[in-house]
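A.B. asks: Below is a structure I'd like to ask you about.
The values are calculated or read from the model by the stated rules, or taken from the named source; none is laboratory data. No experiment lies behind these values; they were computed from the predicted model shown. Ideal geometry is used to build each Cβ from the backbone, glycine not excepted, and the neighbour counts take in all protein chains shown. What goes into the accessible areas is simple: the full protein's heavy atoms, side chains included, and nothing from ligands, DNA or RNA. Shrake-Rupley method; radii C 1.70, N 1.55, O 1.52, S 1.80 Å.
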Amino acid sequence: MDEIEIPQYFICPISLQIMKDPVTAVTGITYDRESIEQWLKTAKDTICPVTKQVLPSSSCLTPNHTLRRLIQAWSTENASGGIDRVPTPKSPLCKSRLLKLIRELEVPGLYVNALKKLQVLAKDNSKFMEEAGVPKAMVLLLIRCCNQSKTIGVEQALRILYLTWTPSGEIKAAVNENHRIIDCLTWIQGCDIANPVVVKTLAMQVLKRVIEAANTRLLQKLKPEFMEEMLRVLKLKFSQQATKSALQILIQVCLWGRNRSKIVQANAMFELVELELEKPEKNITELIFNLLAHLCSCADGRAEFLSHAGSIAMVAKRILRVSPATDDQAVHILSLISKNAATKEVLSEMLRVGAVTKLCMVNQADCSTYLKQKAREVLRPHSNLWNNSPCIAVYLLTRYQR
């Protein structure tokens, strides 16, 4: 390759490499697209590297097709000498084109076709589309569909929003300025819509991101109907991803305002225990126990938890069978119950269904010191009641030898 003389005008003035996608700046100098775009993004003073003239960061770069064809022809002729052929680059996405498609979203006869084009573009241009305001346009379109009870274009809008979503200030502002998007995404769950499983799952994934971007004030104002809809998703179990998203959303929102009470009042405890009794996958079980632990930290939550005949038995059975994260939450749940709802009936139930046995096993197992300490804190205050249990006797005899 060193023996082949490369024409000087094939070389990018910035990278000093053969140009693959030559573009000409407003100053008349040609650069490789990747190099000049990087220069415009990072340089302190956006000047033309060759002429030192001011080069606006938003300036137009014109593809130099003639030079590209010359480079391609020359590289093909010299392939035997080790020169790599220069492929034809993809046409770059133009911001004016995106803005035109965004404007077409507001035209009834054009918006469906505009959505199809934006969906194709979103696969490879998510960052650029986010900067052009496409996610906000999708938020507004989805709200409009909800307000008009129209489902045409909803799937495409959800896909585009999901693909172009980045945790940026622009997205957070779009969500908090247009809080109706939460109502819209929950409305989709009850819609009679084409391709329902895919669309409703996608809506749940987008809703999870919306909740993560929402400010505290918005989260505190969530209605009881929102909690009921999330629990309905758990009950229907139409997809694993939708179930996971619903649990993550409930965990996120229960931390704010009166949301924990709203979730409990929506019959969450019953639904969560029933869901776990069906032995879901490990990651779902971990989320269920995380949410149960949050809800059991309030009196109403503990009362509802204990009202399910199989709740304590279910928690006991999962200890040392799923994962350390599940063990941690399960022991925490039993700790909350034994400290704050320790009636004689509850303590007897813990002994009868094996919860006491499992807590003793935690102390014998290869668990973290923290978890063993937590288990002992549950066992010690009630040892007088549980002392007739064979497992508690063994534990009391051996605990000081460890």
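A.B. asks: In a shell of Cβ-Cβ distance under 11 Å around Arg318, excluding Arg318 itself, what net charge do Lys and Arg (+1) and Asp and Glu (-1) give?
C.D. replies: Net of charged neighbours comes to +2.
A.B. asks: Can I ask one more? State to the nearest 20 debye the size of the charge dipole of region 85-189 about its Cα centre, where the only charges are +1 on K and R beta carbons and -1 on D and E beta carbons.
C.D. replies: The calculated dipole for region 85-189 is roughly 420 debye.
A.B. asks: OK, next. Give me the one-decimal nm value for the distance between modelled label points at Phe238 and Asn195, 7 Å along each residue's Cα-to-Cβ direction.
C.D. replies: 1.4 nm
A.B. asks: Would you list the P(r) distribution for region 244-345, with all Cα-Cα distances sorted into 5 Å bins from 0 and each bin expressed as a whole %?
C.D. replies: In order of increasing distance, the bins hold 2, 13, 27, 27, 20, 8, 2, 0 percent.
A.B. asks: Another question about this same structure. Evaluate Rg over Rh across region 95-266, taking Cα atoms for both radii and Kirkwood's formula for Rh. Could the numbers behind the result be given before it?
C.D. replies: Working: Rg = 15.7 Å, Rh = 16.3 Å.
Result for region 95-266 is an Rg/Rh of 0.97.
A.B. asks: Another question, then. Would you mind counting up the charge near Arg103? Only other residues with Cβ under 15 Å from its Cβ, with Lys and Arg at +1 and Asp and Glu at -1.
C.D. replies: +4
A.B. asks: Count charges around Leu218 for me, please; just the other residues with Cβ under 13 Å from its Cβ, Lys/Arg as +1, Asp/Glu as -1.
C.D. replies: Here the charged neighbours net out to +2.
A.B. asks: Based on alpha-carbon positions alone, could you give the equivalent ellipsoid semi-axes of the chain from the gyration tensor, as √(5λ), descending, whole Å?
C.D. replies: 59, 28, 17
A.B. asks: Sticking with this structure for a sec: For Ser307, tell me the accessible area in Å² from a 1.4 Å probe, rounded to the nearest 10.
C.D. replies: Number for this one is 90 Å².
A.B. asks: For the chain, what does the helix formula give at 222 nm: sum of -39500 (n - 2.57) over DSSP H segments with n ≥ 4, over the residue count, nearest 500 deg cm²/dmol?
C.D. replies: Helix-only estimate at 222 nm: -19000 deg cm²/dmol.
A.B. asks: Please list Arg85, Arg232, Arg302 in order of solvent-accessible area, largest first, computed with a 1.4 Å probe with all protein chains present.
C.D. replies: Arg85, Arg232, Arg302
A.B. asks: Continuing with the same structure: How many angstrom lie between the Cα centre of region 323-343 and the Cα centre of region 371-386?
C.D. replies: 11 Å
A.B. asks: Given N residues in region 1-155, what is its alpha carbon radius of gyration divided by 2.2 N^0.38 Å?
C.D. replies: Values: Rg = 20.5 Å, N = 155, 2.2 N^0.38 = 15.0 Å.
Normalised Cα radius of gyration, region 1-155: 1.37.
A.B. asks: Relative to the Cα centre, what is the charge dipole magnitude of the chain, using +1 at the beta carbon of each Lys and Arg, -1 at the beta carbon of each Asp and Glu, and rounding to the nearest 20 debye?
C.D. replies: For the chain, the charge dipole is close to 1020 debye.
A.B. asks: Report the longest stretch of the chain that contains none of the GluC sites (Glu not before Pro) sitting in a DSSP loop with at most 15 other Cβ atoms within 10 Å.
C.D. replies: Segment 107-277 is the longest.
A.B. asks: Also: Note down the accessible area of Phe226, probe 1.4 Å, to the nearest 10 Å².
C.D. replies: 10 Å²
A.B. asks: For region 8-78, go through all pairs of different Cα atoms, get the mean of 1/r, take its inverse, and jot down that Kirkwood value in Å.
C.D. replies: Details: mean 1/r = 0.0809 Å⁻¹.
Averaging 1/r across every pair of different Cα atoms and inverting gives 12.4 Å.
A.B. asks: Mind checking the angle between helix 154-164 and the chain's longest principal axis? C-alpha axes, 0 to 90 degrees, to the nearest 10.
C.D. replies: With rounding to tens, the tilt is 80 degrees.
A.B. asks: Measure nothing fancy, just the Cα-based angle from helix 196-213's long axis to the longest principal axis of the chain, in degrees from 0 to 90, nearest 10.
C.D. replies: 90 degrees
A.B. asks: Quick check: Cα centre of region 1-22 to Cα centre of region 96-170, how many Å?
C.D. replies: 40 Å
A.B. asks: Sort Val175, Val120 by heavy-atom solvent-accessible area, probe 1.4 angstrom, most to least.
C.D. replies: Val120, Val175
A.B. asks: Subtract the Cα-Cα distance of Ser389 and Glu377 from 0.36 nm times their separation in residues, and report this length gain in nm to one decimal.
C.D. replies: Contour length minus the Cα-Cα distance gives 2.6 nm.
A.B. asks: Starting from the Cα of Lys208, draw a straight line to each of the aspartates and glutamates and keep only those under 14 Å, dropping any in the same chain fewer than 8 residues away.
C.D. replies: List returned: Asp183, Glu229.
A.B. asks: A follow-up question, please. Accessible surface of Trp165 in the full protein assembly, 1.4 angstrom probe, to the nearest 10 Å²?
C.D. replies: Roughly 40 Å² of Trp165 is accessible to a 1.4 Å probe.
A.B. asks: Sticking with this structure for a sec: Please report, for the Cα atoms of region 66-151, the Rg to one decimal and the Dmax as a whole number; what are they, in angstrom?
C.D. replies: 19.7, 64
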